[in-house]
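I am attaching a structure below and will ask some questions about it afterwards.
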Amino acid sequence: MLEGFGRMIVVTSVAMMIASSGVVGAIVPVSTQGVLVQQSGGACITFEADNGQTYLLDSQGSFVAGDRIQVDGSYDDTTVGWCGNTGGPRIGNLTIKPAFAGVGTLVSTAFGIRLQTDDGRLFALQNSGGSRAGTAVYVQGTVDTAARTPTIINNVIGPSFSGFGRITDIDPANIRFTAESGQVYSLDRFGSVPIYTTIVGDYVFVEGIRAKAINGVIPLTSVTARPAFNASGRVVAASGGVAFDADTLIFAPQYTASALTGQAVGSKVYLRGRNADDYDFGEARTANNIRLSRVGASYTAVGYLDRATKTVINLDDGTLVNLEWPGDPLFHPTGSIVYVAGPIASQGPGTVTLSHNQARPGVIAIGRITSGVTCSPIVLTQQNARIFPKNNGGFPFFEHVRIVGGLTFDSPCYDESSVVDNTIAIEPIDR
């Protein structure tokens with residue numbers, strides 16, 4: 001995902017048009033559920049709503065990053081708020097309530113039908129949908145915490161879907177999601193995946209109400225979704241076991257995940273699962289824990305892409321890399337330099353096949369190490385580009401270096417592009 005890139009362009013353009021038009025603003029009412037999300041660097045929090053929009057809140061009340069909430073309020077459509085390099089309308093005059101959006105099973109109790117989640121929480125339902133005990137359902141609504149049993153009110157309910165996959169069409173009128181099973185679904189909305197940062201192929205976790213297939217496509221409604229966690233990195237020793245140190249994320253903490261159990265310290269692995277950023281009311285949380293996790297041996301490369309064959313030639317050693325996903329054609333045309341990372345599905349002499357891989361623009365740059373504006377140290381390239389590398393090699397300022405890695409916009413750097421999982425080496429200066 002090219003985090004922040006599209007959004008920055010769109011929001012900046014909107015802000016400029018508003019500033020130059022002199023129009024009188026309108027007060028727009030908002031009533032939506034969504035998630036409070038900590039932005040890169042930890043400086044501020046945005047509200048990522050289920051309509052795919054990003055908002056800022058005048059107040060979070062007692063809620064914290066990761067909480068799923070219901071927000072009611074309004075905003076002035078001539079103003080834009082900012083959270084780092086992310087912008088959106090600022091909601092004021094608001095009320096915030098705890099919310100629920102997820103799957104579970106209807107169970108019969110002495111007090112009537114209840115929703116039991118996979119982790120054992122029980123909720124009463126204002127609307128049980130008329131389904132029998134034992135039915136797997138998806139429910140979304142606001143949580144009344146004053147009731148003897150927490151009660152989900154004003155809720156929708158229906159047959160459940162929950163799973164990982166890729167966004168394969170981002171047309172708002174024709175959103176498509178292909179699950180890991182290969183089944184194609186239509187989505188009624190983006191969920192808490194920001195519209196302006198979504199590109200074809202984004203790996204996401206989706207839940208919603210499942211309907212009957214229409215021409216082979218299964219409609220999902222009342223959709224909630226979040227970008228799924230997927231990163232290459234190393235297994236490291238941690239208190240009480242092991243953790244994951246991500247090479248493909250900037251300024252990331254170490255993560256825990258049940259799938260890491262038994263992995264050897266030092267192993268290069270690819271970890272996937274639910275991000276630690278969307279929790280319903282009462283859901284237990286462990287900081288930086290990846291839920292529904294899965295792990296495999298990781299392979300990474302920078303090379304030239306052939307979209308027709310979905311292959312990359314590794315520039316380092318000539319290995320032919322077969323991809324499950326070659327990336328969005330807009331950003332990764334045939335012949336472009338790409339960075340790929342993913343779990344190894346199979347491997348042989350001179351070839352490797354990846355599954356569930358990510359693809360991002362590859363970076364090969366030569367320049368001098370110097371001080372940056374918001375991130376430091378950086379590499380100032382021969383073309384005067386400013387690049388913040390995740391790995392700076394410990395080289396001193398003014399050293400002439402060559403960096404190779406993958407571009408990311410998930411970064412708190414405002415004035416520099418960021419590169420992850422990069423190599424860095426001294427580059428002789430031509431005399």
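The values are calculated or read from the model by the stated rules, or taken from the named source; none is laboratory data. Just so it is clear, the model here is predicted, and its values are computed rather than measured. Glycine gets a Cβ as well: all are built from the backbone with ideal geometry, and neighbour counts include every protein chain shown. When the accessible area is computed, the model is the full protein with side chains, heavy atoms only, and any ligands, DNA or RNA have been set aside. Shrake-Rupley method; radii C 1.70, N 1.55, O 1.52, S 1.80 Å.
Taking the stretch 96-114 as the region of interest, how many residues are more than 28 Å from the chain's Cα centre (by Cα), assigned to a strand (DSSP E or B) and at negative phi?
Residues in the stretch 96-114 being more than 28 Å from the chain's Cα centre (by Cα), assigned to a strand (DSSP E or B) and at negative phi: 6 in total.
Each row is one residue, and each column tells you yes or no for (1) open to solvent by 50 Å² or more (accessible area, probe 1.4 Å); (2) of a type in the set (A, V, I, L, M, F, W, C).
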site	(1), (2)
287	yes, yes
353	no, no
357	no, no
365	no, yes
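So, residue 303, is that one modelled with pLDDT under 95 and open to solvent by less than 30 Å² (accessible area, probe 1.4 Å) or not?
No, not satisfied.
Against the condition in contact with a Phe, Trp or Tyr (Cβ under 6 Å, 6 or more places away or on another chain), over 25 Å from residue 294 (Cβ atoms) and open to solvent by 20 Å² or more (accessible area, probe 1.4 Å), how does residue 309 come out, does it pass?
Considered against the rule, which asks whether it is in contact with a Phe, Trp or Tyr (Cβ under 6 Å, 6 or more places away or on another chain), over 25 Å from residue 294 (Cβ atoms) and open to solvent by 20 Å² or more (accessible area, probe 1.4 Å), residue 309 comes out as no.
Which one is nearest to residue 410 (Cα to Cα), of the residues in the stretch 232-251 that are open to solvent by less than 30 Å² (accessible area, probe 1.4 Å) and in contact (Cβ under 8 Å) with a residue 60 or more places away in the chain?
250
For residue 284, only one of the following conditions fails: (1) in contact with a Gly (Cβ under 8 Å, 6 or more places away or on another chain); (2) modelled with pLDDT under 95. What is its number?
(1)
Right, another one. Only one residue in 315, 320, 330, 407 is surrounded by 18 or more Cβ atoms within 10 Å (Cβ to Cβ) and of a type outside the set (Ser, Thr, Tyr). Which one?
Going through 315, 320, 330, 407 in turn, just one is surrounded by 18 or more Cβ atoms within 10 Å (Cβ to Cβ) and of a type outside the set (Ser, Thr, Tyr): 407.
Matching residues to (1) charged (D, E, K, R); (2) more than 16 Å from the chain's Cα centre (by Cα):
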residue: 29; (1), (2): no, yes
residue: 38; (1), (2): no, no
residue: 43; (1), (2): no, yes
residue: 46; (1), (2): no, no
residue: 68; (1), (2): yes, no
residue: 79; (1), (2): no, yes
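Under 26 Å from residue 331 (Cβ atoms) and either open to solvent by less than 30 Å² (accessible area, probe 1.4 Å) or among the β-branched types (Val, Ile, Thr) (or both), is that true of residue 161?
When the stated conditions are applied, residue 161 does not pass them.
For residues that are open to solvent by 50 Å² or more (accessible area, probe 1.4 Å) and either touching a Pro at 6+ places or on another chain (Cβ under 9 Å) or within 11 Å of residue 102 (Cα to Cα) (or both), tally how many sit in the stretch 133-155.
Here the count works out to 3.
To keep it simple, each residue is scored yes or no on (1) open to solvent by less than 30 Å² (accessible area, probe 1.4 Å); (2) touching a His at 6+ places or on another chain (Cβ under 8 Å); (3) within 30 Å of residue 252 (Cβ to Cβ); (4) modelled with pLDDT of 95 or more.
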{"site": "42", "(1), (2), (3), (4)": "no, no, yes, no"}
{"site": "83", "(1), (2), (3), (4)": "yes, no, yes, no"}
{"site": "98", "(1), (2), (3), (4)": "yes, no, yes, yes"}
{"site": "118", "(1), (2), (3), (4)": "no, no, yes, no"}
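Name every residue in the stretch 80-107 that is polar (S, T, N, Q) and in contact (Cβ under 8 Å) with a residue 60 or more places away in the chain, in order of residue number.
Residues satisfying the conditions are 85, 86.
Residue 92: open to solvent by less than 40 Å² (accessible area, probe 1.4 Å), assigned to a strand (DSSP E or B), touching a strand residue (DSSP E or B) at 6+ places or on another chain (Cβ under 8 Å) and under 18 Å from residue 50 (Cβ atoms), yes or no?
no
Let me ask you something else. State which residue is farthest from residue 34 (Cα to Cα) when the search covers only the stretch 176-196 and only residues that are among the hydroxyl-bearing types (Ser, Thr, Tyr) and open to solvent by 10 Å² or more (accessible area, probe 1.4 Å).
181
Let me ask something else about it. Is the stretch 252-268 home to any residue that is closer than 30 Å to residue 336 by Cα and crowded, with 21+ Cβ neighbours inside 10 Å?
No: zero hits.
Residue 321 fails exactly one of the following numbered conditions: (1) more than 17 Å from the chain's Cα centre (by Cα); (2) under 29 Å from residue 364 (Cβ atoms); (3) in a loop (DSSP other than H, G, I, E, B). What is the number of that condition?
(3)
Which condition does residue 416 not pass, out of (1) closer than 18 Å to residue 299 by Cα; (2) open to solvent by less than 30 Å² (accessible area, probe 1.4 Å); (3) charged (D, E, K, R), if it passes all the others?
Result: residue 416 fails condition (1) only.
Right, residue 266: over 30 Å from residue 350 (Cβ atoms) and out of contact with any helix residue (DSSP H, G or I) (no Cβ under 8 Å at 6 or more places or on another chain) or not?
no
Something else about it: Please state which of the following conditions residue 143 fails to meet, knowing it meets all the rest: (1) under 18 Å from residue 283 (Cβ atoms); (2) not polar (S, T, N, Q); (3) not in a strand (DSSP E or B).
(3)
Does the stretch 58-67 include one or more residues that are of a type in the set (Val, Ile, Thr), under 23 Å from residue 288 (Cα atoms) and open to solvent by less than 10 Å² (accessible area, probe 1.4 Å)?
No: the stretch 58-67 contains no residue that is of a type in the set (Val, Ile, Thr), under 23 Å from residue 288 (Cα atoms) and open to solvent by less than 10 Å² (accessible area, probe 1.4 Å).
Here is a check on your reading of the model: is residue 130 open to solvent by 60 Å² or more (accessible area, probe 1.4 Å) and either of a type in the set (Phe, Trp, Tyr) or farther than 29 Å from residue 411 by Cβ (or both)?
Judged against the criteria, residue 130 is a match.
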